[in-house]
Amino acid sequence: MRRLVLLAAAPILALMLTAAEPPAAPDRPLTDVAQEARAQALFKGVRCVVCQHEAIADSPAGVAGDMRRLIREEIASGATDQQVRDDLVRRFGDYVLFTPPMRIGTWLLWFGPFSLVLTAGAALALNARRRAAEPTPLSAEEERRLENILRNEKLRRDPDATSPHDGR
């Protein structure tokens, strides 16, 4: 039975190993040094859509290589930096930029962390201002019953408790 499971799993494992992403094509820098410097600066502000925590300048993913090539092509064709960013946002959404534009759709990205901190601070301040509830005094009947209980009950020592005066 064990061999049968291994034989059935082998083709699935082989398929998973061959499904890896092919390596990115090597980058071809622009011949104009000023244009290549602009492209490199843009690479650092654009998020890799596969890695999501890396700039496309540092990402080894194939999609990042395609994005670098696209940016270089647009710069070579005469597009401004803002036009390149706008095209990337049109293709991939606001998330592709490490610094997304300020508009209604991105307010949560910009102000969400601050509002979360302010809400937590307000909750802590309100919690600190609360006073401990004053215990209600016992009624005369309750005090009489408590006194009877304490008078009639014999205090028993806990056999497991020790005292420094026990002399043990």
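For segment 103-116, indicate whether the set of residues that are touching a Lys or Arg at 6+ places or on another chain (Cβ under 7 Å), closer than 16 Å to Arg47 by Cβ and either in contact (Cβ under 8 Å) with a residue 12 or more places away in the chain or polar (S, T, N, Q) (or both) is non-empty.
Here is the first cut: in segment 103-116, the ones touching a Lys or Arg at 6+ places or on another chain (Cβ under 7 Å) are none.
Within segment 103-116, not a single residue is touching a Lys or Arg at 6+ places or on another chain (Cβ under 7 Å), closer than 16 Å to Arg47 by Cβ and either in contact (Cβ under 8 Å) with a residue 12 or more places away in the chain or polar (S, T, N, Q) (or both).
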- Item | Sole exception among (1) assigned to a helix (DSSP H, G or I); (2) touching a residue at least 12 places away in the same chain (Cβ under 8 Å); (3) within 24 Å of Ala37 (Cβ to Cβ) for Thr99, by number | (1)
- Message: Any residue at all in segment 14-33 that's at pLDDT 90 or above and either surrounded by 15 or more Cβ atoms within 10 Å (Cβ to Cβ) or assigned to a helix (DSSP H, G or I) (or both)?
- Response: yes
- Item | Criterion violated by Arg69 - all others in (1) farther than 20 Å from Pro100 by Cα; (2) in contact with an Asp or Glu (Cβ under 8 Å, 6 or more places away or on another chain); (3) free of Cβ contacts under 8 Å to residues at least 12 places away in the same chain satisfied | (3)
- Checking Glu134 against (1) assigned to a helix (DSSP H, G or I); (2) of a type in the set (D, E, K, R); (3) exposed (fewer than 10 other Cβ atoms within 10 Å of the Cβ), which single condition isn't satisfied? (1)
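The values are calculated or read from the model by the stated rules, or taken from the named source; none is laboratory data. Predicted model only: the values in this text are computed from it and were never measured. With ideal geometry, Cβ positions are generated from the backbone for all residues, glycine too; neighbour counts draw on all protein chains shown.
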